[in-house]
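Note sheet for the following structure.
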Amino acid sequence: MRKWFIVFLLFTSTVLAGEAKPLGEDPALEARLKALSQELRCLVCQNTTLADSGAPLAEDLRQEIRQLMREGKSDKEVVDYLVARYGDFVLYRPPVNNETALLWFGPFALLLLGGFVLFRVLKKHAGDEEIKGEDA
Amino acid sequence: MAKFLIPLALFLIAVGFLFKGLYLDPHEVPSPLVGKPAPVFTAPVLGDASKNFNSADMKGQVWLLNVWASWCGACRDEHPVLMAMAKSGQINTYGLDYKDTDAEAQAVLDANGNPYKAIATDMNGKIGIDYGVYGVPETYVIDKAGVIRYKQIGPITDEILLTKIVPLLKELAR
């Protein structure tokens, strides 16, 4: 009897959980907001997108983006609006500029350097083999 | 000899980067607003909603805009430093009460003292968004022309006050 009572409680207690917040009236706008905010970083919890973050600031910013979109602003204008306030940090894809050049091209530079070193080492060893071959 | 020195040099460079990394705070995001005109805003004054604070009226003086809230724990840590700044009489500190209620903000000021010349209220956080606020406390140093010259993210400590803010204010006062 007691067991069944606990099961009953488990099922009914979910009713007490908070209701989901209603979406904005316009589903097309919500879809646009979702797509765009997945490309943007929440500044409060920095490894979360603006779409997924539950921080109050993220909620405010989503509201702000909704407002801008209703005013007919393009995605680029919305992104520029946020970058002007919070910097390139809000972008999950950092732009290529002087500051991020090392980030974008550093790995390729390292790859070239590694390739060069490998080439030198292999060439040297190939030389060793030849000398040994002559000795034999 | 070179065979031994090159890896050592590379290792030391890597150590240098990692060591520097230890002292970088990823929560400090450099503000693109430094060097740009401070966003102009008008907002009701805390404690006297009939009055408005207009940031455009601050033209011609160097001032600090300190963003705070009664719910913000780090603001309590910063509070004594702000009080000392107010006591010196040398620094114009204005507050922006961010996403707060008048009653709670007033209660904190009544209990701990009020270091501000005036406090503007930003109950829905719109002014905060214009200033790129993402965590309180934050402090902006604004020059006579209304340009943001420095942004402090997180509480002002005695060290930051003495090494960064005071020298900057001296330079801007000229």
Check: Once you wrap a convex hull around the alpha carbon atoms of the protein assembly as shown, what is its projected area averaged over all directions, in nm²?
Finding: 31.5 nm²
Margin query: Taking every DSSP beta bridge with both residues inside chain B, roughly what % is antiparallel (nearest 5)?
Written below: 65 percent
Check: For chain B, modelled as a GNM with alpha-carbon contacts under 10 angstrom, which of B:A120, B:A107, B:A74 fluctuates the most?
Finding: B:A107
Check: On a 0 to 90 degree scale, rounded to 10, what angle separates helix B:2-22 from the longest Cα axis of chain B?
Finding: 10 degrees
Next item on the list: Quick one: order A:Y81, A:Y92 by neighbouring beta-carbon count within 10 Å, fewest to most.
Entry: A:Y92, A:Y81
Next item on the list: Grab every C-alpha pair in the range B:8-132, bin the distances at 5 angstrom width from 0 up to the longest one, and report whole percents.
Entry: 2, 9, 17, 19, 17, 13, 6, 5, 4, 4, 3, 1, 0, 0
Check: Where does each of B:29-37, B:65-73 land if you order them by average Cβ count within 10 Å, highest first?
Finding: B:65-73, B:29-37
Check: Which cysteines does the protein assembly as shown leave without a neighbouring Cys Cβ under 4.7 Å?
Finding: A:C42, A:C45
Item checked: Listed residues B:F41, B:F19, B:F11, most fluctuating in chain B (Gaussian network, C-alpha, under 10 Å) -> B:F11
Check: Looking at the range A:45-136 from every direction and averaging, what is the projected area of its Cα convex hull in nm²?
Finding: 9.7 nm²
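Where a number appears in this text, it was derived from the coordinates with a stated rule and is not lab data. The structure displayed is predicted, hence computed values, not measured ones. Using ideal geometry, Cβ is built from the backbone for each residue, glycine included, and neighbour counts are taken over all protein chains shown.
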